[in-house]
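Beneath this line is the structure, given in structure tokens, with notes to follow.
None of the figures in this text is laboratory data; all of them are computed from the coordinates on show. Since the model is a prediction, treat every value here as computed from it, not as a measurement. Don't worry about glycine lacking a Cβ; one is built from the backbone with ideal geometry, like all the others, and counts go over all protein chains shown.
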Amino acid sequence: MNIVLTTPNGWEHAQQQRMRDAAITAGLVDAAGGSRIRFVTEAEAAVHCVSKQLNPSVRDWLKVDTNLIICDAGGGTVDITAYRVAATKPLRLEETVASQCHLAGAVYIKSAAEAYLRDHLGGTPWSSDDAISRILDTFDRVDKKKFSGQDDDVYITLSSESTLDIDEKNIARGRLQLTRATMASFFDHSLSKTKEGILSIFQNSGKQADKIVLVGGLSESPFFHSSLQQWSRENGLSLIRPMGSIAKVVPHGALHWHIDCIVRSRVVKAHFGTNVQVRFDANNPDHFERRHQQIHDIDGHSYLAGGWESIVRKGEKISSKKEFETLFKIHLAADCTKCEMEEPIYAYRGAQPPSFIQAPTADHDGVAFELVGKVKADLWECFAEAPARFVPQTGESIKTLKFTICLLMGSTELSARIKWVHDGVIVYGPASIAYL
């Protein structure tokens, strides 16, 4: 049995690994079956479900070179992704810009309502934590979903059994009267962040992705939907909401994704790379500044540690099956008995990474290199096949290992393997990724 778990757009490989560990701990699979757990982002799952819709508007939009924005407004996050229809028979989509994830889901509407209620109901029979909790539960299930923004006044049930009136608090017979403006203010954060994200995606796509498909549990709110609908029209954008139960779009889409993934390329959200030793060059200004940091390797040459080696660049569009390769060369003593390699993988989210990594948490232009994980592999077979040579400068016999780390990054998960050449034949070996 395979298990598909969905995640917000903002979750990356480390969060996926924690979910996989939790699933193993819960007994969904055993440790050996961890590879049977797969992950897909909620927005990508949503587009798979939407593509199966019989909604005429959706079907009319699924034409070659049409650009779409999928906005999945859920309980905790609002996930936004732009796609271009690359083919229709069969349907294939390509991400056009890096996806976004905003902390702006329905929970923030509830949080705003809670702040107001705690302040407004102070000194009343409904000021206790238990009472506020019960009121918020009703607000979340009923009042929020009923609010359309059409009525001048809105009523929130404090207690269905109370007959108490408190005029100065606008409370009558256990119901709190709110103005339309007050109720609408609870939606301000979610709406502003959603509009901001859609506009950013639209602009980053070259203003081509002007068709918005709104899904997710929050999209079922009449006020949230109508507010975005009006804003879209004012900005020259088109917005539709699929038919049926929108709250089930993501789980249904995850199943479609597992059966037939229609997304054939994705956009990388950060620079990914690793640190390497760089042969010291006194004529290079970057090297000269670090001349006191030289290290002398057993091959007789001087190096600088912490050089940046790019694996994949931010904003690059990559196919789901494309491997990214980085060539490494290390020197080991010929009598070495331990050949386990551990290579760090960093993310750099700024515009252009510098030539050197100062430290995993050091800033460059205000943006930190983020250590996201380590690729681990046993190079013993590669070591055993490498010839030994004598280095006069050091008086040692060494072996130089040349190998390539291959990363598959175009899928929704990250995987790795290593390869080297022996007698003209490419040899592959396993590698694992440990996330931090």
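Odds and ends about this structure:
- The trypsin sites (Lys or Arg not before Pro) found in region 36-116 that occupy coil by DSSP, while having at most 11 further C-beta atoms within 10 Å, are Lys63.
- FRET efficiency, 1/(1 + (r/R0)^6) with R0 41 Å, evaluated for Ala384 and Glu114 via beta carbons: 0.05
- Using Cβ point charges alone (K and R +1, D and E -1), the dipole size of region 271-435 about the Cα centre works out to roughly 360 debye.
- Normalised by 2.2 N^0.38 Å, where N is the number of residues, the alpha-carbon radius of gyration of the chain equals 1.25.
- Over region 1-52: Kirkwood hydrodynamic radius from C-alpha pairwise inverse distances, Å: 11.7 Å
- Ellipticity estimate at 222 nm from DSSP helix runs (n ≥ 4, -39,500 (n - 2.57)) divided over the chain, nearest 500: -7500 deg cm²/dmol
- Mean separation of Cα contacts under 8 Å (6+ apart) over length of the chain, as relative contact order %: 15 percent
- Relative to its Kirkwood radius, the Cα radius of gyration of region 271-435 gives an Rg/Rh of 0.98.
- In a DSSP loop and with at most 15 other Cβ atoms within 10 Å, the GluC sites (Glu not before Pro) in region 99-204 are Glu161.
- Links that overshoot a 30 Å alpha carbon limit, given the list Lys110/Lys321; Lys169/Lys195; Lys195/Lys322; Lys145/Lys314; Lys89/Lys321: Lys110/Lys321; Lys169/Lys195; Lys195/Lys322; Lys145/Lys314
- About its Cα centre, region 106-185 has a charge dipole of approximately 280 debye under the convention of +1 per Lys or Arg Cβ and -1 per Asp or Glu Cβ, with nothing else charged.
- Here's the picture: charge each Lys and Arg Cβ at +1 and each Asp and Glu Cβ at -1 in the chain, and of Phe280, Gly306, Leu103 the one pushed furthest to the positive end of that dipole is Leu103.
- As an equivalent ellipsoid, region 106-185 spans semi-axes of 18, 15, 12 angstrom, where each value is the square root of five times an eigenvalue of the C-alpha gyration tensor, largest first.
- For region 301-338, applying the loop criterion from DSSP together with a ceiling of 12 other beta carbons within 10 Å to the trypsin sites (Lys or Arg not before Pro) yields Lys321, Lys338.
- Measuring between alpha carbons in the structure, the pairs from Lys376/Lys399; Lys211/Lys374; Lys193/Lys376; Lys63/Lys248 lying more than 28 angstrom apart are Lys211/Lys374; Lys193/Lys376.
- Selection among Val29, Trp11, Leu91 by position relative to the dipole of region 3-116 gives Leu91 as farthest towards the positive end (Cβ unit charges, Cα centre).
- Dipole of the chain [Lys/Arg +1, Asp/Glu -1 at C-beta], most positive-end residue of Ile240, Gly75, Ile398: Ile240
- C-alpha long axis of helix 106-120 to longest principal axis of the chain, angle in °: 50 degrees
- Taking the Cα centre of the chain as origin and assigning +1 to Lys and Arg Cβ atoms and -1 to Asp and Glu Cβ atoms, the resulting dipole is close to 1280 debye.
- Listed residues Ser226, Ser35, Ser355, most fluctuating in the chain (Gaussian network, C-alpha, under 10 Å): Ser35
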